[in-house]
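These notes are about the structure you will find just below.
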Amino acid sequence: MRFEHAYLPAGGYWSSPFAKWQGSFATLHSLRFAADVTTKGLERQSVNPAELDSLVLGWTIPSRRIFYGAPWLAGLIGAPQATGAMISQACATGAAALAHAGAQVDAGGAEATVVVTTDKCSNGPHLYHPNPAGPGGKGEGEDWVWDNFSFDPWAKNSMIETAENVAKEAGISREEGDALTQRRYEQYKEGVDSGFQSRYMIAPYDVNPSGRKVIKTVEGDEGVFPTTTEGLAKLRPMMPEGTITFGSQTHPADGAAGMLVCTKDRAKAWSGDAEPVKLVSYGVARVEKGFMAKAVVPAAKTALESAGIGINDVKVIKTHNPFAVNDVYFAREMGIDANSFNNNGCSLIYGHPQGPTGTRLIAEGIEEARMLGGGHVLFAGCAAGDTAAAVVLEVTA
């Protein structure tokens with residue numbers, strides 16, 4: 001899919017810090033949390049919510065009253081005139097929500113849309129599904145977060161098994177995964193030390209679940225594990241004879257992120273003295289059962305082909321990498337250096353709240369490209385069900 005008329009204002013994207021599950025954001029309602037983060041993002045951009053004519057809400061983990069999600073959220077941010085779709089596509093939710101908003105603008109259905117993505121892996125719902133045919137009419141229970149991390153009903157495996165399948169087929173070793181994990185940690189630390197996250201992050205963030213009393217202030221990402229080569233080497237594989245350890249996979253987290261998608265004129269008006277960002281293309285892919293990490297490659301190639309460029313024309317690459325295996329495989333198949341992308345941070349290190357993960361990574365990619373004088377940005381990441389999504393944007397310095 002290629003876009004012709006969809007733009008993001010310069011600076012028109014934001015993210016909360018990401019907090020480990022059962023951490024500082026565990027008591028928050030995900031939609032109220034997202035509304036607060038969005039309000040702060042719009043204020044920082046000097047955007048009046050009354051000027052928004054559409055909203056896209058991305059989430060993957062239900063919260064109370066999610067049935068009213070998009071219109072309720074619009075009201076909470078001061079835009080009761082706006083509404084729109086709710087998008088849920090596992091870890092591809094951020095990219096899919098952005099593409100949906102871009103398509104609305106391209107088709108003339110909206111002039112200014114806010115994309116809001118949010119999820120809390122903490123305290124995910126425990127569901128009870130009625131089953132009149134069960135013994136005595138007994139229903140079936142489901143732990144939304146843990147059960148779905150652990151089992152794909154189509155491929156009949158867990159997410160970590162999909163990564164191990166790719167590692168085995170492609171001959172990716174434990175040592176390669178550990179080395180890349182160490183590199184990704186160092187890249188994240190470089191971003192923290194340089195203050196990179198302040199370019200888009202809503203932080204410090206006051207945790208205020210009651211609306212009356214701040215119980216904690218979160219200064220930055222919470223749950224990042226100090227990583228060393230020696231420490232990684234001591235960890236046991238998560239599966240027998242596997243290559244992936246606790247260190248070379250991401251951790252579930254909580255967070256919220258968002259961005260504005262507009263016509264070129266509106267994006268220019270909200271960009272100050274800077275140039276807006278062009279949304280160029282979007283691609284999706286699905287691969288064979290049980291090989292999720294592979295899907296990032298065809299998704300990226302589809303988005304690049306739609307954009308009319310090759311991988312060597314891209315200035316900044318950001319990936320959602322729940323396992324280090326993902327990036328090793330992606331680099332091999334795309335013919336690039338695995339150490340050359342995901343500068344300043346990635347979900348392998350700072351965690352994975354699903355819905356907002358891609359949104360944050362896209363914001364990071366845009367800001368890195370702006371620092372480098374402009375160029376194309378590629379975001380690509382896998383998602384549940386052996387799928388993936390990718391987005392190409394163009395930044396003008």
Checklist line | Per-region count, the range 1-31, residues within 17 Å of R212 (Cα to Cα) and either surrounded by fewer than 20 Cβ atoms within 10 Å (Cβ to Cβ) or modelled with pLDDT under 95 (or both) | finding: 3
Notebook entry, point to check: Condition test on S24, is it under 22 Å from C121 (Cα atoms) and not β-branched (V, I, T)?
Noted result: yes
Margin query: Take D193 and tell me if it is outside any helix (DSSP H, G or I) and of a type outside the set (F, W, Y).
Written below: no
Next item on the list: Only one of these is outside the structural domain of T359 (by TED's automatic domain parsing), in contact with a helix residue (DSSP H, G or I) (Cβ under 7 Å, 6 or more places away or on another chain) and not small (G, A, S): D119, D53, D106, D36. Name it.
Entry: D119
Note to self: Tell me the residue from E43, E51 that is in contact (Cβ under 8 Å) with a residue 12 or more places away in the chain, surrounded by fewer than 21 Cβ atoms within 10 Å (Cβ to Cβ) and farther than 30 Å from A295 by Cα, please.
What the structure shows: E51
Notebook entry, point to check: So, of the residues in the range 59-82 that are aliphatic (A, V, I, L, M) and not in a helix (DSSP H, G or I), which turns out to be nearest to the chain's Cα centre (by Cα)?
Noted result: I61
Next item on the list: List the number of the failed condition for A133; all other conditions in (1) part of a helix (DSSP H, G or I); (2) out of contact with any Ser or Thr (no Cβ under 8 Å at 6 or more places or on another chain) hold.
Entry: (1)
Note to self: Is it the case, given these coordinates, that K289 is modelled with pLDDT of 95 or more, farther than 30 Å from S24 by Cα, out of contact with any helix residue (DSSP H, G or I) (no Cβ under 6 Å at 6 or more places or on another chain) and not in a helix (DSSP H, G or I)?
What the structure shows: yes
Next item on the list: Being assigned to a helix (DSSP H, G or I), touching a Phe, Trp or Tyr at 6+ places or on another chain (Cβ under 9 Å), among the small types (G, A, S) and surrounded by 24 or more Cβ atoms within 10 Å (Cβ to Cβ) narrows it down to one of G358, G345, so name that one.
Entry: G358
Next item on the list: Identify, from the list A107, A103, A112, the residue that is over 30 Å from V214 (Cα atoms) and without any contact (Cβ under 8 Å) to a residue 24 or more places away in the chain.
Entry: A107
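The values are calculated or read from the model by the stated rules, or taken from the named source; none is laboratory data. What you are looking at is a predicted structure, and each value in this text was computed from that prediction instead of being measured. For neighbour counting, all protein chains shown are included, and Cβ atoms are generated from backbone atoms with ideal geometry for every residue, glycine included.
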